[in-house]
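Values in this text are rule-based calculations from the coordinates and carry no lab data. Remember, predicted model here, so these are calculated numbers, not experimental data. Glycine gets a Cβ as well: all are built from the backbone with ideal geometry, and neighbour counts include every protein chain shown.
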Amino acid sequence: MIARLANMTKINQIETALIQLDGGSFQKLADAYLYKKGYTAINPLGSVIGVDKVRKGTPDTLVKLPNGRYVFAEYTTQQYKVYGKIDEDLDKCFDEIKTGIPISNIQEVVFCHTAILSAEEESAIAKKCQERGVNLNIFGIGKISYDLYLNYRGLAYDFLGIEVDTGQIVHIDEFISNYGKNKLATRLDTTFQFHEIEIGQVLQGVEDYDLVIVSGRPGIGKTRLALECCERFRELHREYEVRCISNRGPDLFNDLNVYFSEAKHFLILVDDANRINKFEYIIQLLQHQRENQRIKVIATVRDYALDKIQKSSQLYGDHIEVELPPLKDEQIKQLVIKEYDINHPLYLDRIANIAQGNPRLAIMAAEVVKKEGTFVSLLDVTALYEKYFASIRNEITDFQDRNLLKTAGIISFFQSVDRSNTELMENIENAFEIPRGVFWEAALRLHDLEVVDIHENEVVRISDQVLATYLFYLAFFKDQLLNFSALLDHFFPHLRHRLVEAINPVLNAFDSDAVEKAMLPHVNRTWESMVKAENDEALFQLREVFWFLKPTETLLSIKDRIQEMVEDPIDISKINFKADSFVPSSSLLSLLSLFGYTDVEIARVAVDLLLSYVVKRPKDIPFVLHILTHIPH
């Protein structure tokens, strides 16, 4: 009942606004309205270009049809004696001397008005047209109002200033257009490639069920795949209308009631369902569809938020889930070749390395190559990230609140922060000197900026992994708002794997020499502290993570350890001389294996140490053989 009352209120607002329009404004609205209705070859004879004013002319708007005939459109905002005005305009339309067009060339006359005609008056106008073999179409205030409300909400906003809905439900072409305006988005108009197996799974799922959930990492192509599925399904089932829903924050309840109350068949794409306000409303829409309706939903969701959507979907019952895997390097290369005509193996290898299976990154890198035309432009992709995320950075810095970037950098490191995890929140407060209240206030603002996602008002995650790499780099290295030593002092070694996962993409994407130079003083301080404390276990783990910053010192420490080892001889007949890839983790061998990725001279020293090691531990020959056969030099 509340939704129905709200709908009627909007209709009343539209009708009132239409009545208040002057002639010039109404004529501009009517031209746009007819264009939407399919009268595309608009020639506004009675409108003054650039201003909302009218000029004399018959007809007010002329539309030339593909068959060479014409549509005459006449408009009026007259409220009284409107029949007389329309009858008079009709006589003018049939005056060949006045129009210069023979009646035989007029296919249709259209009237748009803001009053109400009686049935008798409409019949009289229709008869007059029929006598001359001309079609008639009348759009009065009722028809126009409901069309603006149900079908042309953009016109209602642009010409009347009335927001009929929250703008979260749109046609597929408008969705693609809006998507391209998003500050994190890449093109959706690329030729669809790969994932044919997943396409088949989704399409079969839509045939068999009313709900299909497509999950995967951010930037992996879920939206592009879902759009492809919508288009292919529509080709097979013309009775379905496709609508797309994307998050803008407000509650969706009224919008859903407005758009999907008709007795039609709908296929709905819900993009980033994890960000939709109350996905449960979508489930309710499926549960309560009428007998004369058929509604199906394809929902995309980021992998880390799949649990939330699964719980909501359990209320509906049967559905299917399809996981979208990352693209393989060869697929990334094929994408770049086809879309950007980049064929050089060196470029393709580097783009694949930057992309790491993520088509969004591949497209970003390919566009840099097409613009710059040099391989050097791909060695340090700082400029690429800076340009791609310029609007994000500007929005964060425009607030002149350093805590925004600090909070974004912290979230980027941890990937997710749970407000209810008291120990973690205390560690964050102590390590980075940011009170938890300030942290969560900044997190909420970042959520509004679509930089992070907040789930159930408890857990905050970075909304895009590529963005996470950039923000981590900004906060800890470029702007240095956060002290890298804080990570080592408070979160090492127990979060060393998280540290590796945060550092590696930064080294791969940005100026690695500059990043290493920035890290070195912090690592040196921690290194020396551990040496003084004789904390050998933690020091070994530090070397595992940061060996590339101090290769000589790390090799010397390995040499000392090997020399201290007691020989453990073994009967040579019992030695297995086949390579074994299961090299023990956190061991001297695993540490030495890392030096295969350094320059040749350092790698040779590492090989000498491997041979020294195997003299002491001949039983480990299978591991050493694996390491030696996999050195990239």
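The calculated P(r) of segment 537-591, using every Cα pair and 10 Å bins from 0, goes 19, 42, 29, 10, 0 in percent. In loop segments of segment 506-555 as defined by DSSP, the GluC sites (Glu not before Pro) with at most 14 further C-beta atoms inside 10 Å of their C-beta are 534.
On a per residue basis, the convex hull of the C-alpha atoms belonging to segment 390-532 measures out at 108 Å³. Less than 5 angstrom separates the built amide H of residue 111 from those of 74, 137, 138, 139, all sequence-distant by 5 or more or on a different chain. In the chain, the calculated helix contribution to ellipticity at 222 nm averages -16500 deg cm²/dmol per residue, counting -39,500 (n - 2.57) for every DSSP H run with n ≥ 4.
With a simple spin-label model that places each label point 7 Å from the Cα along the Cα-to-Cβ direction, the separation between residue 290 and residue 572 comes to 9.0 nm.
The simple Förster model, with R0 at 22 Å and r as the Cβ-Cβ distance, assigns residue 531 and residue 483 a FRET efficiency of 0.55. For segment 262-268, 3J(HN,Hα) computed residue by residue from phi via the Karplus equation (6.51, -1.76, 1.60; θ = phi - 60°) reads 7, 7, 9, 9, 10, 10, 10 Hz, glycine and proline entered as x. Placing +1 on the Cβ of every Lys and Arg and -1 on the Cβ of every Asp and Glu, with no other charges, gives segment 411-470 a dipole of roughly 80 debye about its Cα centre.
List the lysines whose alpha-carbon lies under 22 Å from that of residue 619, not counting same-chain residues fewer than 8 positions away? Within reach: 559, 574, 578. Based on C-alpha pairs under 8 angstrom that are at least 6 apart in sequence, the chain has a relative contact order of 8 percent. With each label modelled as a point 7 angstrom along the Cα→C-beta vector, the residue 95-residue 207 pair spans 6.3 nm.
Remark on residue 242: its backbone amide H falls under 5 Å from those of 267, a criterion applied only to residues 5 or more positions apart or on other chains, H modelled at 1.01 Å from N. Tally the DSSP beta bridges in the chain and give the antiparallel ones as a percent, rounded to 5. Taking every DSSP beta bridge with both residues in the chain, the antiparallel ones total about 35 percent. Where q = 0.07, 0.09, 0.12 Å⁻¹, what log10 of I(q)/I(0) comes from the Debye formula for the chain, counting one point per Cα? Those come out to -0.64, -0.92, -1.30, one per q.
Return the FRET efficiency for the residue pair residue 563, residue 353: r is the Cβ-Cβ distance, R0 is 35 Å, and the value is rounded to the nearest 0.05. In this case the efficiency is close to 0.40.
Applying a DSSP loop filter and a limit of 16 other Cβ atoms within 10 Å to the GluC sites (Glu not before Pro) in segment 205-243 leaves 239.
Using DSSP to define loop residues, name the chymotrypsin sites (Phe, Trp or Tyr not before Pro) in segment 573-623 whose beta-carbon has at most 16 other beta-carbon atoms within 10 Å. Intermediate values should be presented prior to the final figure.
Working: sites: 577, 582, 595, 597, 613, 623; in loops: 577, 582.
The qualifying sites are 577, 582.
Of the cross-linked pairs 56/128; 37/64; 28/81, those separated by over 19 Å at the C-alpha level are 56/128; 28/81. Shown here are the Rg and Dmax of the Cα trace of segment 342-459, at 18.0, 52 Å.
Stokes-Einstein diffusion coefficient for segment 508-616 at 4 °C in a medium of 1.567 mPa s, Rh from the Kirkwood formula over Cα pairs: what value in µm²/s? Rounded, D is 83 µm²/s.
Shown in residue order for segment 226-240 are the 3J(HN,Hα) couplings computed by the Karplus curve 6.51 cos²θ - 1.76 cosθ + 1.60 at θ = phi - 60°: 4, 4, 4, 5, 4, 5, 5, 5, 5, 5, 8, 10, 5, 6, 8 Hz (x for Gly and Pro). Working note: Cα gyration tensor of segment 329-379, eigenvalues times five, square-rooted, sorted largest first, giving semi-axes of 14, 11, 10 Å. Note on segment 381-447 and segment 32-90: Cα centroid distance 55 Å, given to the nearest whole angstrom. Based on every Cα atom in segment 2-160, Rg and the maximum pairwise Cα distance Dmax equal 15.7, 56 Å. A simple spin-label model places the labels of residue 457 and residue 48 5.4 nm from each other, with each point 7 Å out along Cα-to-Cβ. Computed from backbone phi, the HN-Hα couplings of segment 526-539 come to 5, 4, 5, 4, 6, 5, 5, 7, 6, 8, 5, 5, 5, 5 Hz, rounded to whole numbers (Karplus: 6.51 cos²θ - 1.76 cosθ + 1.60, θ = phi - 60°; Gly and Pro given as x). In segment 575-633, Rg over Rh equals 0.93, where Rg is the alpha-carbon radius of gyration and Rh the Kirkwood radius from pairwise Cα distances. Put simply, the amide H of residue 323, placed in the peptide plane, has neighbours under 5 Å in 215, leaving out anything fewer than 5 places away on its chain.
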